[in-house]
Amino acid sequence: MSEEGSIDYDFDEDEASDFSFESDYDDQNDNMIDTPIESPKDKTDISKLAKFKKWTTKEFINENFINAAVKLQNLQLPQCNLEDLLIMLHQLKWQSEEVINNYYDNYDKLMNDCGIPKVKNNVIKEKLEYSCPICCEEYDNIKTFQLSCGHEYCINCYHSYLKTQLTNGQLIRCIDTSCNLTIPHLLTQEIFDLFSQDVRDPAQDFFEVPTANSKYAHNMLLSSAARSYINSKKSKYKWCPAPDCENLVELVDNYALHLDNDDDDFDEYLSDEESTLLDPSTNNVKDKSKSPSVDRPIDISLTPIVSCGTDHQFCYNCQYENHLPCPCNIVRSWIKKCKDDSETANWIEANTHNCPKCLNSIEKNGGCNHMTCRTCNYEFCWICFKEWSIHGSQFFKCNNFDKSEKDAIELNQKQKRVSLQRYLHYYKRFAVHESSMKGDMKALDKINQRMESFMSEQSKQNLSNLSWTDVQFLKDAFKALTNGRKTLKWSYCFGFYMKELIFAEVFEQTQEHLNRVVEDLSKIVEEINDKKNNDRSTELIMKNKKALISLTNAVTKGQQSLIQCAESGLKEERLKFDLSI
Amino acid sequence: MAPKSTAQKRLLKEYQQLCKDSPPGIIAGPVSEDDIFLWECLVEGPPDTPYENGVFPATLTFPKDYPLGPPVLKFNPPLLHPNIYADGTVCISILHPPGEDPNQYERPEERWSPVQSVEKILLSVMSMLAEPNCESGANVDACKLFRDNRQEYDNQIRQHVMKSLGL
């Protein structure tokens, strides 16, 4: 991570319409990241627009929820205990100032809203012979739970109740609706733990010094609260879109000021920024009247690609995987194209005719021109689409033949066919790389497992002088492979929308090169993973080490140069998009 | 007989309770013994309202996870009322499943919870008949009529009552 590269946007206090750019050197937070596309130093370092911060959900809860409560307890409200402070924060949407203000201004109301009683007596009891009024079971021996209000129900009912309440991320109150008391965070978890199957590994907790944070470490209510909190601030926080990834990225700094509403604003902001930045003559005044659709060079280095904590790169704007070299608007249009069935419709248009009566689609795959519609039994002529009866009994004497009309239809069909083929050409390649990427992931898992068992075997027998750093190259290879494929995949989307200019050939050559090295790398990986070579896989890995490393570098390089090619091409307007396709 | 689920046990218990000691103006019970999840009930129109003297039949359909989720109450035939959809389904806060109130305008004591019961639902419905809530109306036409032309609203309901009594 480079420190000098990050740029902050700051509104000048005096002239609100002016932007001033200043570098930020006091980067205290070590998980701050910049847009990871490295741009050479001599270029305008504007390419790094915003600053992002990565979080795991756990870190987020620790920092924003638990530490906020601990801080309140240490500084402003030492008379309160942590449990109550968490409830107050939760009730007031995690705003510490609100808690302090309400605490001093309106103590009784705050306590009432939060459902914190003066005297606490929350108990989980073991009971013999209990009849629960909710589930109407007669128990011989059951745990029951009650808050200080004394509304006692069996633990099974409480557990199902908690589960249904957990989804909305708010404080959970006593089951009895006339009772406002809140079930504290720790207690909810205690009840969940009574029912949970997996016992937490004690070894895992062994090294953790029991602190406030570790006590709340696996709290499901806090996780659900975090989820709803984050979802309610969509412009500031974005979840990593990778499957099963629970990390998120926060947009830090005043950049966020412009992003209060939705993505379109973000877009507009981006493009407005670009225009002011790229053209020094525009006096740096934001001209709202200027239509955002004005034709101007696209700078894909401004695409806010971020990385979550675990190496998933995604575009903060689209909340979609890293789609470079495509700019966001192209991606959107591509996804839409692939999603809706417009191409199916195109195929039907290009290869079929509608029955003139019932409008059913008919594909003629041979035979004469006397057609009979399967659905409505209408008989017509395939050439002129008029009723067959007017043709008399003689075949191929279509009196109503109109050449110009026919030509127009055929031309239209031909165009449609070409456009369909063009789409299929690009889509096929796009899809192939996508599915190969999934295959690569699986292969990675397998090889990783095998390497792990191999390494542990080696260390057990004290045979090897290999260390983990020696096999790091394998991981790198896979990272490069998947990233290379991703870039390739999106380059076909890029290609689909690209106008046929001379520079396009350069782009295609670069693309071809990347394609080649990616396939070479993939081939070696496949060979290693082949079942036939099961016994010698480790041997194969070591044998191919050199090739793997050099191909890894080649792929990374190829990927970078493809993106750079697209970037400079677009900037200098030697590459252009045609969105009307 | 197959062992009973929690929902079945609870519904039987509520049925027993209602038979023993049902509040005035309310009769409710399962349609048949085969399906305890479908109830039929009769609600009396509260006095001093246009619904007075009417007896309104309705069905209660319970979810399999009752009492975690609330039942659906549907007047059959439908009843003209701001909080009853045109198909007869009743829309009041006590019948909303948990976690479906993003605006938080419903008070917690009015919402569904496993401690509510058929009896409480039907009592709420009676008070709903007496005091329509136009702010979160289910039937916009009825809302309008109630707000702008109370006389016509009352008239239409009285006619409905007469018709339902066969007069």
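Values as computed for the structure displayed
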| quantity | calculated |
| --- | --- |
| Among the residues listed as A:120, A:143, A:163, the single one being open to solvent by 50 Å² or more (accessible area, probe 1.4 Å), among the charged types (D, E, K, R) and either without any contact (Cβ under 8 Å) to a residue 12 or more places away in the chain or assigned to a helix (DSSP H, G or I) (or both) | A:163 |
| Tally of residues being in contact with a helix residue (DSSP H, G or I) (Cβ under 9 Å, 6 or more places away or on another chain), facing another protein chain (nearest Cβ under 9 Å) and not in a strand (DSSP E or B) across the stretch A:146-159 | 2 |
| Members of the stretch A:105-117 found to be buried (at least 18 other Cβ atoms within 10 Å of the Cβ) and either among the hydroxyl-bearing types (Ser, Thr, Tyr) or within 12 Å of chain B (Cβ to nearest Cβ) (or both), listed by number | A:115 |
| Single unsatisfied condition, residue A:186 versus (1) facing chain B (nearest Cβ under 10 Å); (2) open to solvent by 10 Å² or more (accessible area, probe 1.4 Å); (3) assigned to a helix (DSSP H, G or I) | (1) |
| Of residues in the stretch B:20-57 being among the polar types (S, T, N, Q) and not in a strand (DSSP E or B), the one most open to solvent (accessible area, probe 1.4 Å) | B:53 |
| Counted residues, the stretch A:174-183 - those being assigned to a loop (DSSP other than H, G, I, E, B) and either touching a helix residue (DSSP H, G or I) at 6+ places or on another chain (Cβ under 8 Å) or within 8 Å of chain B (Cβ to nearest Cβ) (or both) | 6 |
| Residue A:219 vs. criteria at pLDDT 50 or above, closer than 27 Å to residue A:190 by Cβ and surrounded by 18 or more Cβ atoms within 10 Å (Cβ to Cβ) | yes |
| For residue A:168: the one exception among (1) modelled with pLDDT under 85; (2) open to solvent by less than 50 Å² (accessible area, probe 1.4 Å); (3) more than 14 Å from chain B (Cβ to nearest Cβ) | (3) |
| Set A:331, A:306: member being hydrophobic (A, V, I, L, M, F, W, C), assigned to a strand (DSSP E or B) and modelled with pLDDT of 80 or more | A:306 |
| Which listed residue, of A:289, A:281, is part of a loop (DSSP other than H, G, I, E, B), modelled with pLDDT under 80 and either open to solvent by 20 Å² or more (accessible area, probe 1.4 Å) or closer than 30 Å to residue A:477 by Cα (or both) | A:289 |
| Residue in the stretch A:498-513 that is in the same structural domain as residue A:478 (by TED's automatic domain parsing), modelled with pLDDT of 85 or more and hydroxyl-bearing (Ser, Thr, Tyr) present | yes |
| Residues satisfying the stated conditions in the stretch A:118-135, i.e. under 46 Å from the mean Cα position of the chain (by Cα) and within 14 Å of another protein chain (Cβ to nearest Cβ) | A:132, A:133, A:134, A:135 |
| Elements of type helices (runs of 4 or more DSSP H) in the stretch A:65-116, at least 3 residues being hydrophobic (A, V, I, L, M, F, W, C) and closer than 15 Å to residue A:185 by Cβ | A:67-74, A:82-91 |
| Which listed residue is touching a Leu at 6+ places or on another chain (Cβ under 7 Å) and away from every other protein chain (no Cβ under 14 Å), from B:50, B:78, B:46 | B:46 |
| So residue B:60, is it of a type in the set (A, V, I, L, M) and out of contact with any Asp or Glu (no Cβ under 8 Å at 6 or more places or on another chain) | no |
| Residues of the stretch B:110-125 that turn out to be open to solvent by less than 40 Å² (accessible area, probe 1.4 Å) and away from chain A (no Cβ under 12 Å), as a count | 4 |
| Condition broken by residue B:60, with the remaining ones in (1) modelled with pLDDT of 90 or more; (2) open to solvent by 10 Å² or more (accessible area, probe 1.4 Å) satisfied | (2) |
| Boolean, residue A:554 is more than 16 Å from residue A:482 (Cβ to Cβ) and modelled with pLDDT of 80 or more | no |
| Check on residue B:40, touching a strand residue (DSSP E or B) at 6+ places or on another chain (Cβ under 7 Å) and either modelled with pLDDT of 90 or more or more than 14 Å from chain A (Cβ to nearest Cβ) (or both) | yes |
| Any hit, the stretch A:55-63, residues being within 14 Å of another protein chain (Cβ to nearest Cβ), under 30 Å from residue B:113 (Cα atoms) and in a helix (DSSP H, G or I) | no |
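The values are calculated or read from the model by the stated rules, or taken from the named source; none is laboratory data. Values in this document were obtained by computation on a predicted structure and should not be read as measured data. Glycine gets a Cβ as well: all are built from the backbone with ideal geometry, and neighbour counts include every protein chain shown. Areas reflect the complete protein model, heavy atoms only, side chains present, ligands, DNA and RNA absent. Shrake-Rupley method; radii C 1.70, N 1.55, O 1.52, S 1.80 Å.
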